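Heads up: the structure comes next, in structure tokens.
The values are calculated or read from the model by the stated rules, or taken from the named source; none is laboratory data. Treat the numbers as computed from the prediction; the structure is a model and nothing was measured. Here the Cβ positions follow ideal geometry from the backbone for every residue, glycine too, while neighbour counts run over all protein chains shown. Quick note on the areas: whole protein, heavy atoms, side chains included, nothing else; ligands and nucleic acids left out. Shrake-Rupley method; radii C 1.70, N 1.55, O 1.52, S 1.80 Å.
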Amino acid sequence: ASSAARPSVVPQEQLASFQQHLSRSTRILALLGAGLSASSGLPTFRGAGGMWRTHDATSLATPEAFERDPGLVWQFYSYRRHMALKAKPNAAHYALAELARKRRDFITLSQNVDGLSPRALHPADQLKLLHGSLFDVKCSDFFCKYFESNNYTDPIVPALAIPSDDSDPTTTSTLAAKEADISDINVDIPELDHSHLPKCPECKSGLLRPGVVWFGEALPRHVMEHVDEYMTDEQPIDLIMVIGTSAKVYPAAGYVDLARSKGARVAIINMDANDVPAGGLQDGDWFFRGDAAQIVPELLK
Ligand code: BV8
């Protein structure tokens, strides 16, 4: 049904008080997590979505995993690139992009690497990708500075082609479900030694790696500098929206309390009533429970 026909998913009183505050706010932040893209068919890290084949996704998102088995890590990322390319931004991605066009002092801090906010034409100078992007690639050789943005080739090299069944991500029989319940042993994994993996065109020796921030790696310096500048500005922050994130990964999760310390009120949009940032809900916070794809467009209308 069109949004007009759809009954409001947000309690009217909470909606009114939020929108009143939003209308008076100037400096506004949003912290985005995987829950924002759930309705676009992309699995979150928590729960079933956190598994890929028999691996906990976060165990593959490390430099050590890449060092140990670059072929397996590249299969994981090639699969996620494939799924993200088949997914589409949802109404919440577009609503946030629209807000950024209307409010130049609004910036979005996204933990998501799925490329859906850029595809929703979110103004790039107001979108900070804290953990990089699936569609950036860089040389894994520490001394080589090769970096390439917007590499959408799928698969990035022939050996990483996804098994034939690449069904639509929004159906239940997604590759995610199929991939989730198979283990490496019964997937006919091509012998993925270095010769099959993407090579750095610059230094000719290093393997290319996904341009995402792995656990134990620093967030991109230019991104941190921009966020620090926004945060250390003596101006108060009026509002931070915490959308679809379990807010457990630092330093990203730390921005919620930092915004609070700058006077911001906090609005949490989450499917799970228990998922509130460390320190829990505080006086004056809003908590909108449900699907971000439905709630966010209503809040920002
Ligand atoms: C660093 C890119 C130092 C890769 C990611 C102990 C204590 C504190 C910190 C640490 C510690 N041990 C280690 C650390 C540091 C570590 C960390 O924080 N670990 C955590 C686990 C404790 N952090 C780091 O390593 C960071 N780097 O600290 O470096 C340093 C400094 C200088 C020099 C050198 C080193 C780097 C962290 C970045 C890791 N990369 N992603 C990839 O994607 O493959 S993290 C990845 O996981 C995401 O980017 C995201 O940040 C995180 C997952 O969180 P969410 O997005 O929130 O997703 P999740 O599934 O958890 O939650 C989804 C939520 O949505 C849920 O609440 C759910 O209820 C809700 N939801 C679901 N559906 C919907 C919904 N909501 C609304 N609508 C729906 N439809």
- [ ] Could you tell me which residue of region 211-246 is modelled with the lowest pLDDT, considering only residues that are under 20 Å from Trp286 (Cβ atoms), open to solvent by 10 Å² or more (accessible area, probe 1.4 Å) and more than 6 Å from the ligand (Cβ to nearest atom)?
- [x] Pro236
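Among the residues of region 87-107 satisfying the criterion of being of a type in the set (D, E, K, R) and in contact with a Ser or Thr (Cβ under 9 Å, 6 or more places away or on another chain), which is nearest to Ser40 (Cα to Cα)?
Of everything passing the filter in region 87-107, Lys88 is nearest to Ser40 (Cα to Cα).
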Task: Any chance Val137 is at pLDDT below 95, open to solvent by less than 60 Å² (accessible area, probe 1.4 Å), touching a strand residue (DSSP E or B) at 6+ places or on another chain (Cβ under 9 Å) and farther than 21 Å from Val227 by Cα - done: no
TODO: Tell me, yes or no, whether region 282-290 has at least one residue that is farther than 25 Å from Leu42 by Cα, touching a residue at least 24 places away in the same chain (Cβ under 8 Å) and more than 9 Å from the ligand (Cβ to nearest atom).
DONE: yes
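Residues checked against (1) open to solvent by less than 70 Å² (accessible area, probe 1.4 Å); (2) more than 19 Å from the chain's Cα centre (by Cα); (3) modelled with pLDDT of 95 or more:
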site: Thr108; (1), (2), (3): yes, no, yes
site: Pro123; (1), (2), (3): yes, no, yes
site: Gln126; (1), (2), (3): yes, no, yes
site: Ser164; (1), (2), (3): no, yes, no
site: Ser183; (1), (2), (3): yes, yes, no
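Quick check on region 238-262: of everything there that is among the polar types (S, T, N, Q) and within 15 Å of the chain's Cα centre (by Cα), which residue is nearest to Gly33 (Cα to Cα)?
Thr245
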Task: Cross-chain or 6+ apart pairs with Cβ under 9 Å, region 96-108 first and aromatic (Phe, Trp, Tyr), then part of a helix (DSSP H, G or I) - done: Phe106/Leu96; Phe106/Leu99; Phe106/Ala100; Phe106/Gln126
